[in-house]
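Here the structure is laid out as C-alpha cells; the discussion comes afterwards.
Each value in this text was obtained by applying a stated rule to the coordinates, not by laboratory testing. Bear in mind the structure is a predicted one, so any value in this text is a computation, not a measurement. With ideal geometry, Cβ positions are generated from the backbone for all residues, glycine too; neighbour counts draw on all protein chains shown.
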Amino acid sequence: MRPLEGTIVLDLTRMLPGAVLTRMLVDLGARVIKVEDPGMGDPMRSAPPIVEGVGAGFRAFMRGTESVCLDLRSPEGAAGLRQLAKQADVLIESFRPGTLERWGVGYDRLSALNAGLIYCSLSGFGTDSPRVAHDLNLVGLSGLLAKFPGTEMPHVQLADVTTGLLASSAVLAALLQRHRTHRGMRLDQPLAAAPLPFLTWAWADAGAPAGETPALLGTLLAGDGASYGVYECADGLKLVVGAIEPKFWAELAQGLGLAELAGAGLAVGEEGARVREAAAAAFKAQPREHWLAFAEARNLPVTAIHTADEGFHEPGYQARQEAGPLPGGGTLTSAAPYLPSFAHPPARPAPRLGADTDRILAEFGVNAR
C-alpha cells in the first residue's frame with residue numbers, strides 16, 4: 001500500500017501551485033477528484049504545447065486524477081460539492097478569499113458537514129487578505145528576484161512550485177493530526193510564504209547586528225569566492241564550480257595550474273576577487289569538455305550549464321523521468337517521480353474535462369443536474 005491509499009482529495013485549484021500539490025498526493029496514493037468548471041476547466045488544459053488536444057503540462061501533472069464538472073456558482077453545483085465534501089478527506093482550493101464562502105462552500109459550511117475535512121487554501125497573501133499577486137510579483141516583492149543578478153524574468157515559477165511543495169507538507173501533517181484527534185482543520189498556505197525558505201538565511205543576515213562578519217550567503221555562496229560560481233571556457237560555453245570543500249578546491253586548483261591558490265578557495269573580498277580572476281583566466285584557456293573530463297575523472301563538483309532540452313537528455317536525470325500514457329496510445333515523457341521512494345507512476349492518463357462526472361456523482365449519491 002502507498003501511504004495515502006483510501007484518501008479522497010477534492011481538487012478545486014487551477015494552474016501550477018495546485019497541480020504540484022495534486023501530483024504529490026497522487027504519487028502517494030491518494031484518489032484525487034478534480035472539480036472543474038463546465039466551461040473551460042483548469043486553464044492548464046489549454047496551455048501550450050498541446051498534445052492530443054490538451055496542454056502537455058496538464059497531462060504531466062494530472063495523471064491518475066479524475067475530472068468532475070460542477071458549476072459552483074449555481075445552487076445545484078454548490079450542493080453537489082457539499083455532498084462530495086461530506087465523504088472527502090481533503091479539499092484544496094485556490095479561489096480569491098471569500099469566493100467560496102459566497103457560493104456556500106466555504107470552510108465553515110463544509111466542516112459543519114464533515115468535521116474531519118482538511119480544507120487547504122492556496123491564497124496570495126493569506127485568506128484574510130484581498131491582495132492579488134502572481135509568482136513574479138511575490139518573487140520580486142520578497143527580495144528573492146534580487147538574488148538572480150542579470151535577469152528580471154526568471155524562466156521558472158519559483159513561488160508557484162514551492163507553494164505546492166509546502167502545501168503537501170501541510171496536508172500530510174494535518175492528516176497525521178486528524179489521525180490523533182479525529183478532527184480536520186483549515187490550512188492557509190499563501191503563495192507569499194513560498195519565497196521564505198530561500199530567504200530565511202538572507203533575512204537573518206539582514207536582521208543581524210551591524211558590523212558582524214560578512215554573511216556567507218551574501219558573499220561566498222553568491223559567487224564572491226572562487227570555489228563556488230560560474231565560469232566561461234575557451235569555447236564560450238559555461239560551467240558551474242561547486243568546490244566549497246577545501247579538498248575539492250585544492251585538487252581543482254592544481255588542475256587549473258594555480259597550486260599556489262589551493263588554500264584560497266573560500267577567500268572573499270579583495271583576496272577572493274583576485275583568486276576568482278585567476279581561476280576565470282585559467283578556465284578560459286581550455287574548452288568546457290576538457291574541464292568536465294578533468295572533473296569527472298576526479299569526481300569533483302564541476303558540471304555543465306545545460307538548457308532545459310539538454311537537461312532532459314542528461315544521463316543523471318534519465319531516471320527522474322516517466323513516460324505517461326496518452327489517450328491515443330502514445331506516451332508523454334515528463335519530469336517525475338518527485339518522490340522516488342514512493343514511485344508508482346499512475347497508469348491512467350490525465351482525464352478529459354468532465355470525463356468522470358456521471359460515474360462519480362452516482363458513486364457519491366450526488367444529484368447536481
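Between ALA308 and ASN367, how high is the FRET efficiency from 1/(1 + (r/R0)^6) when r is the Cβ-Cβ distance and R₀ = 56 Å? Nearest 0.05.
Using R0 = 56 Å, I get an efficiency of 0.75.
Which order, highest average first, do 60-69, 128-137 follow once you tally other Cβ atoms within 10 Å for each residue and take the mean per peptide?
Details: 60-69: 23.4, 128-137: 14.0.
Final packing ranking: 60-69, 128-137.
Could you work out how much longer the chain between VAL240 and ALA222 gets when fully extended? Use 0.36 nm per residue separation minus the Cα distance between them, nm to one decimal.
Working: separation 18, 0.36 × 18 = 6.48 nm, distance 1.27 nm.
The span from VAL240 to ALA222 would gain 5.2 nm if fully extended.
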Checklist entry - Just for the Cα atoms in the stretch 1-80, what are the lengths along the principal axes, largest first, rounded to whole Å? => result 37, 35, 20
Next on the checklist: From the helices alone, meaning DSSP H stretches of at least four residues, give me the mean residue ellipticity at 222 nm for the chain, per-run term -39500 (n - 2.57), in deg cm²/dmol to the nearest 500.
Outcome noted: -11000 deg cm²/dmol
Checklist entry - Taking only pairs that are 8 or more places apart or on different chains, how many Lys pairs in the chain have Cα atoms under 27 angstrom apart? => result 6
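Where both residues lie in the chain, what percent of DSSP beta bridges are antiparallel, nearest 5? Numbers along the way, then the final one.
Working: 15 of 34 bridges.
Beta bridges within the chain, antiparallel portion: roughly 45 percent.
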Next on the checklist: Pairs of alpha-carbon atoms within less than 8 angstrom and 6+ residues apart define the contacts here; what relative contact order does the chain have, in percent?
Outcome noted: 19
Next on the checklist: Let me check the size of the chain from its C-alpha atoms; what are the radius of gyration and Dmax in Å?
Outcome noted: 24.7, 79
Checklist entry - Based on the Cα atoms of the stretch 238-304, what semi-axes does the equivalent ellipsoid have, where each is the square root of 5 times one gyration tensor eigenvalue, given in whole Å with the largest first? => result 18, 13, 10
Checklist entry - Taking neighbour counts of Cβ atoms within 10 Å as a proxy for exposure, in what order, fewest first, do TRP201, TRP103, TRP249 appear? => result TRP201, TRP103, TRP249
Next on the checklist: Please report the spacing between the Cα centers of the stretch 1-42 and the stretch 293-369 in Å, no decimals.
Outcome noted: 15
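Work out how much length ASP358 to ALA293 would gain on full extension: take 0.36 nm times their residue separation and subtract the Cα-Cα distance, in nm to one decimal.
Fully extending the segment from ASP358 to ALA293 adds 17.5 nm.
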